[in-house]
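What follows is calculated from the coordinates using simple rules that are stated; it is not laboratory data. Keep in mind the model is a prediction, meaning the values are calculated, not measured. FYI the Cβ positions are ideal-geometry reconstructions off the backbone, even for glycines, and counts take in every protein chain you see.
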Amino acid sequence: MELEIALANVLLIALTFYALLGGADFGAGVWHLLARGPTRRAQHQLIGEAIGPIWEANHVWLILIVTIVFTAFPEAYVHISTTLHIPLTILVIGIVLRGSAFAFRHYDIKDDDIHLRWDQLFAISSFISPFLLGMIIGAITTGHFPVNPASFFDGFIAPWLQPFPLGMGLLTLLLFSYLAATYLLVETRDPTLQKIFRKRAITAVLLAGILEEAVLYLGRSGAPRLWGELTTSLWGVFIQLGVGSLTIAAILLLLTQRYWWARTFAILQVTLTIWTWGIAQFPYLIPPNLTVFNTAAPEVTLHFIAGALLVGTLLLFPSLFYLFRIFKGNTLFRHKGHHG
């Protein structure tokens, strides 16, 4: 395998892990914002306890993505970081504010007004950040990156303020919320909370399924390459059937209270969705001209990056496994009873 392709695969793997881990954290923040009723405090407590031990480690995947694009595909990085600097800046601010608010709300006095403000900041940032992340991915998918824009709006706002990127933002928000709800179902044994998050998981996945088809249709004009790959190729049709089958299976598992397996199928569904997008995009980083080949750094640089990734992998995965084993061992690696 050529190094450019190998590093592109690493990018997709890192994006997948970020969605499954960091994305679920964002989704939990969305449910924190929407918590209502007499169980509101219990919902907040469950979300805080579920996120608390591991939330900061999840951003290692985002850092890895930025580092690989910057070093391995510098020309693509220049175009993305310049054209999309507004949503990227807001995304980074949102992530920082979310992390700060989560830490401060944990150590602040629980019943004062300031604690409520940290709660609100954490929840609102959790809502905005995944929406912007999806919007950025949608803008990259469209490839609408004008070289000599006629105005500031044309060059730096129009590329991401379009129907397809906006649809991708909403879809990302729903998928992350869906993941979070299925994860939280495994984190609690409280029947009332399980009923709440089961309903939310089913609602989120149904809305995501509808929105996926709507976004795909928007891609007909907004992202024609993606539309063509997923609607005119045999593999695209089979992949869509696969995603649909996983969705139906996850809903049935949720309805029958097999929460551990429902979470597993949710993970498979989101993973397949991400890789479908990645395969449909290949070899383009920014269509229709910038590919993993013509934007790649010199070969000697790619070899250094590959070596660093190999060493980093030997350190990263055992460390993460140990972290999750300590704090999530009861729910991550096994299931119990009819809730399995």
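Angle, helix 3-17 long axis vs. longest principal axis of the chain, Cα atoms, 0 to 90°, nearest 10?
It is inclined by approximately 20 degrees.
Restricting to DSSP H runs of at least four residues, report the calculated mean residue ellipticity at 222 nm for the chain, -39500 (n - 2.57) per run over all residues, nearest 500 deg cm²/dmol.
Helix contribution divided over all residues of the chain: -26500 deg cm²/dmol.
Using the Karplus curve 6.51 cos²θ - 1.76 cosθ + 1.60 with θ = phi - 60°, what ³J(HN,Hα) values do you get for each residue of region 143-150, in whole Hz, with x for Gly and Pro?
Taking θ as phi minus 60°, the curve returns x, 7, 10, x, 6, 10, x, 6 Hz for region 143-150.
Give me Phe197, Phe293, Phe152 sorted ascending by neighbouring Cβ count inside 10 Å, so fewest comes first.
Phe152, Phe293, Phe197
Relative to the longest principal Cα axis of the chain, at what angle does helix 74-83 sit, 0 to 90 degrees, rounded to 10?
70 degrees
Across every pair of different alpha-carbon atoms, what Kirkwood hydrodynamic radius in Å does the chain reach?
For the chain, inverting the mean 1/r across all distinct Cα pairs yields 20.9 Å.
So if I take the centroid of the Cα atoms in region 217-240 and the same for region 15-41, what is the distance between those two points in Å?
Each part's Cα centre sits 30 Å from the other's.
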